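Written out below as structure tokens is the structure these notes cover.
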Amino acid sequence: MAILALHGGAGGDGPWGGMTALDPQRLACMERILLELGPRLESGEIDALEAVTLAVEAMEDEALYNAGRGSVMAEDQRVYMDASIMRSSDQAAGSVVNVETTRHPIRAANLLLKGGWPVMLNAKAADAFAERNGLEQVDASWLKTDLRQAQWNKWHDLKSRPGSTDEDDEAVLDHDLEEEPEGMGTVGAVALDSNGNLAAATSTGGMTGKPLGRIGDTPIIGAGTWCDASVAVSCTGVGEAFIRTCAAHEVAVQLRNQPENLAAACTSVLDMVKPMGGRGGIIAISRSGEVALPFQTMLMYRGLWRAGAISTGIGDEEYSGSSRH
Ligand code: ASP
């Protein structure tokens with residue numbers, strides 16, 4: 001049995017209003033990834049670690065997701081990317097924080113995982129590590145898109161409006177939606193391979209207008225990403241709340257307390273995160289093949305490959321719970 005699940009970020013309030021003009025492109029990207037990698041994972045050509053790495057690399061290349069090219073802009077209009085990855089067999093992990101020129105931050109995290117030490121590298125040192133190890137470096141301007149510039153402009157206008165409040169900022173930072181998602185689109189993947197290995201990976205540009213030096217949950221092992229012998233987890237949402245609850249690791253803790261009920265474990269973690277202002281979503285696969293893709297926001301872009309079939313969803317029009325196998 002092999003399973004691959006993806007997310008492309010969660011956010012928004014209220015009922016989902018249906019697809020935007022750009023959503024078909026987001027879903028098509030996920031479908032391509034699932035169609036290509038699912039059979040390779042099933043046949044054993046690639047293991048869970050490589051599957052999540054390749055999946056996240058492909059989403060980093062899709063400019064409509066908030067990772068790699070198309071990442072949101074920080075307060076200084078620059079792009080700073082975070083990524084982390086972990087595998088079940090030995091709980092090896094890798095993480096990069098605030099990289100600016102590495103095309104695929106998740107591959108840099110993968111190389112750190114394989115190297116064994118250190119687990120995390122920061123900023124210029126992380127980009128230099130990636131370059132030394134042959135990973136493609138890009139011009140910072142290549143990472144920026146018109147959509148993210150427009151979102152930054154809106155954030156900036158709101159911030160500088162006389163009488164604007166923190167709540168106004170929150171409206172943007174918390175992924176307020178009009179037609180297009182505001183800055184959401186963090187990506188993640190979890191996989192179970194045919195040898196029973198699990199892996200999890202998450203990559204992001206963070207949040208629009210984030211202050212310089214801000215580190216969200218995505219690169220923090222145990223907050224945005226976790227993988228042990230029992231479960232692989234990737235989270236998305238307002239990172240500070242996921243850090244304060246060790247959300248991804250907490251899924252494993254909750255699963256220990258209620259084995260074989262991954263959906264309940266994920267939901268109880270989202271219930272812990274929510275009061276801290278961190279509504280969001282989680283994708284998880286357990287060693288026994290349970291899958292849970294819950295979210296407590298308007299939407300979470302998501303996709304699943306299992307037993308040769310793929311499914312994708314955005315709002316609650318499809319699945320948002322779990323299925324047993
Ligand atoms: N968790 C990410 C962060 O806080 C953002 C997101 O998932 O949308 O940087």
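Quick look at the numbers
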item	result
Hits in region 34-59 (condition: over 26 Å from A229 (Cβ atoms) and surrounded by fewer than 17 Cβ atoms within 10 Å (Cβ to Cβ))	L35, E36
Some residue of region 79-95 being in a loop (DSSP other than H, G, I, E, B), within 16 Å of the ligand (Cβ to nearest atom), touching a Gly at 6+ places or on another chain (Cβ under 7 Å) and under 13 Å from A140 (Cα atoms)	yes
Criterion (touching a Phe, Trp or Tyr at 6+ places or on another chain (Cβ under 7 Å) and modelled with pLDDT of 95 or more) met by exactly one of M81, M59	M59
Only one of F295, F242 that is in contact with a Cys (Cβ under 6 Å, 6 or more places away or on another chain) and under 23 Å from I106 (Cβ atoms)	F242
Yes/no for A128 being away from the ligand (no atom under 14 Å from the Cβ), surrounded by 13 or more Cβ atoms within 10 Å (Cβ to Cβ) and modelled with pLDDT under 70	no
Scan of region 1-33 for residues that are under 19 Å from the mean Cα position of the chain (by Cα) and crowded, with 24+ Cβ neighbours inside 10 Å, ordered by number	I3, L4, A5, L6, H7, G8, G9, A10, G11, M30, I33
Counted residues, region 215-271 - those being more than 12 Å from the chain's Cα centre (by Cα), more than 21 Å from A191 (Cβ to Cβ), part of a loop (DSSP other than H, G, I, E, B) and within 16 Å of the ligand (Cβ to nearest atom)	3
Count of residues meeting criterion [in contact (Cβ under 8 Å) with a residue 40 or more places away in the chain and assigned to a helix (DSSP H, G or I)] in region 9-48	15
Per-region count, region 81-105, residues of a type in the set (S, T, Y) and more than 15 Å from the chain's Cα centre (by Cα)	4
Condition broken by E62, with the remaining ones in (1) surrounded by fewer than 24 Cβ atoms within 10 Å (Cβ to Cβ); (2) touching a Leu at 6+ places or on another chain (Cβ under 8 Å); (3) not β-branched (V, I, T) satisfied	(2)
Residues being at pLDDT 95 or above, more than 10 Å from the ligand (Cβ to nearest atom) and not in a loop (DSSP other than H, G, I, E, B) - total across region 165-202	8
Subset of region 230-286 (residues that are free of Cβ contacts under 8 Å to residues at least 24 places away in the same chain, among the small types (G, A, S) and in contact with a helix residue (DSSP H, G or I) (Cβ under 7 Å, 6 or more places away or on another chain))	S268
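The values are calculated or read from the model by the stated rules, or taken from the named source; none is laboratory data. Remember, it's a predicted structure, so these values are computed and weren't measured experimentally. Cβ sites come from the backbone with ideal geometry, for glycine too, and all protein chains shown count toward neighbours.
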